[in-house]
């Protein structure tokens, strides 16, 4: 196998030296060209229509393999050539708008391909996407299903307490209001490497330990929420020069951990978890509580859950999905 | 120039007839099919390496034009054929990992192309990448700033009326409730090529012409909104087999055009515009109107606007940014 792989690689390297690939494969046996021509698909692990990627699990010569396909970005410097040398199929025409399917010369439209072979079960799990479902949780569902689940799981938020008590990550805190009722610490989220501002991501973690999530909030929490909004925005403006008009400030429901926290992300950054199905703008939360103190305890709230999430199983058992 | 274009177009069409893409446009005027072969690029308005898109401004026969290119999602049902019939150029090999550039047959690797011609300065602005800012629009701001702006601009929604009156895109409608008060048509959004379900994207456009946006909605509109939710979900389940628990159903504020419409996107698809700063879940809209008929006319609503958006300038002039 190793020998075969080596010669395969050498041959491929030779081929790649023959030019831009416009006539790739002509008159040659396609099977010789590619380790993936003998690939047998078992299942798609994940795909993204937005990013034009596909992750497939299968076999190459009886060995477990993963093939990752990703279309390449459209290059500005080849667009003129592409438009001149492609064929188009008209799909739709309406007024000034028309749409086509364009078939470009292959060398202007490559697909980045990554092969992992032999692949282990860990690789498969890493790339497998879980199906997600929208849950509609009424106030009663929260009390009957979600709250008992949260209590039974005794999720550890020790790491949060470590931060609040300066036992960990103390050097990462960029702002703190130490007030036990309306205070919080503000620090960069792990997802942000702090090397550029366009994916700025900070988290405000409240000092009080008796608010698990959005569901617990009432008008009593307005001073806390307004304090986070005002002082969080102010600290980010001071530290990074990013004004409130460039910040998306929101809570998750369900949150990843049941200790109240607020996300601050750059408006330019399409942050994971900032979709309408999971995020709640802090400014909306404040307004809703001003109008109705019971807004979040009584309202049906929609959120996504993965297929193997234990809470999803409880909703299923209760006949709610 | 025109003659060159014509012969170019004829050649292109002949070429397209030799592959599997023969069907489209056969026996029709070829010049209609390849408007982009005579396209001259002026500048790139926007691109996304993540999404594999490119927006170009230029000219077609002295007319202003915008060409939007977007690589199509990788289809699961063609991946076996693609891997068997493509050529690969080895880029890197390290242990169990190797990467290649794959050159696929053109018909398996199309590029969705949208042409807007003649394009106006507004179209150019729409697609030009701009800095964005969050606006907080109170109910009074809407009356004093936004509504006069919408009225003064007289945005054309003729293309919407063409759809509602079956003058265009009639064959694309997958469901219609013809009721003049609570009825709507449901059709695939342009962004969706309908070849796979994971980026499913449909739009419900209401028949009534007197609702510009979320701001106009009151409890009087609950029958309309519930009808869209129920029958839209039902039609999508029937047509595509996608259940309501896999659908994100929402309105935009600000919308792209001021004729009420509702977005239906696959939950798996991280659809552009589905972020919390612009999207409003239909189920939340219904609940909010049930609790308070004036919810959307009185509430401060947050939304993003581009730096050169005329409405943003009005907010600036009013000292609101």
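The values are calculated or read from the model by the stated rules, or taken from the named source; none is laboratory data. Computed from a prediction, not measured in an experiment: that's the story for all the values here. Cβ sites come from the backbone with ideal geometry, for glycine too, and all protein chains shown count toward neighbours.
Any chance you could count how many residues in segment B:269-318 are assigned to a loop (DSSP other than H, G, I, E, B) and over 17 Å from the mean Cα position of the chain (by Cα)?
At the first step, the residues of segment B:269-318 found to be assigned to a loop (DSSP other than H, G, I, E, B) are B:269-274, B:276-278, B:292-294, B:299-300, B:307-309, B:318.
Then drop every residue that is not over 17 Å from the mean Cα position of the chain (by Cα), which leaves B:276-277, B:292-294, B:299-300, B:307-309, B:318.
Summing the residues that are assigned to a loop (DSSP other than H, G, I, E, B) and over 17 Å from the mean Cα position of the chain (by Cα) in segment B:269-318 gives 11.
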**Prompt:** Can you pull out the residues in segment B:290-310 that are at pLDDT 95 or above, over 18 Å from residue A:276 (Cα atoms) and more than 10 Å from chain A (Cβ to nearest Cβ)?
**Reply:** B:290, B:293, B:294, B:297
**Prompt:** Considering only segment A:50-96, how many residues are out of contact with any strand residue (DSSP E or B) (no Cβ under 6 Å at 6 or more places or on another chain), surrounded by fewer than 17 Cβ atoms within 10 Å (Cβ to Cβ) and assigned to a strand (DSSP E or B)?
**Reply:** 3
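Please tell me if residue B:46 is more than 19 Å from residue A:104 (Cα to Cα) and either modelled with pLDDT under 90 or more than 7 Å from chain A (Cβ to nearest Cβ) (or both). Please lay out each step first, then the result.
Numbers: more than 19 Å from residue A:104 (Cα to Cα): yes; either modelled with pLDDT under 90 or more than 7 Å from chain A (Cβ to nearest Cβ) (or both): yes.
Answer is yes for this residue.
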**Item:** Residues located in segment B:97-135, provided they are within 7 Å of chain A (Cβ to nearest Cβ) and farther than 24 Å from residue A:99 by Cβ
**Value:** B:97, B:98, B:99, B:100, B:101, B:102, B:103, B:132, B:133, B:134
**Item:** Looking only at segment B:252-262, and only at residues there that are under 20 Å from residue B:309 (Cβ atoms) and out of contact with any helix residue (DSSP H, G or I) (no Cβ under 6 Å at 6 or more places or on another chain), the one that is surrounded by the fewest Cβ atoms within 10 Å (Cβ to Cβ)
**Value:** B:256
**Request:** Look through segment B:220-237, keep the residues that are surrounded by fewer than 16 Cβ atoms within 10 Å (Cβ to Cβ) and touching a residue at least 60 places away in the same chain (Cβ under 8 Å), and return whichever of them is nearest to residue A:307 (Cα to Cα).
**Result:** B:226
**Complete:** Every listed condition ((1) at pLDDT below 95; (2) away from chain B (no Cβ under 14 Å); (3) surrounded by 15 or more Cβ atoms within 10 Å (Cβ to Cβ)) holds for residue A:267 save (2)
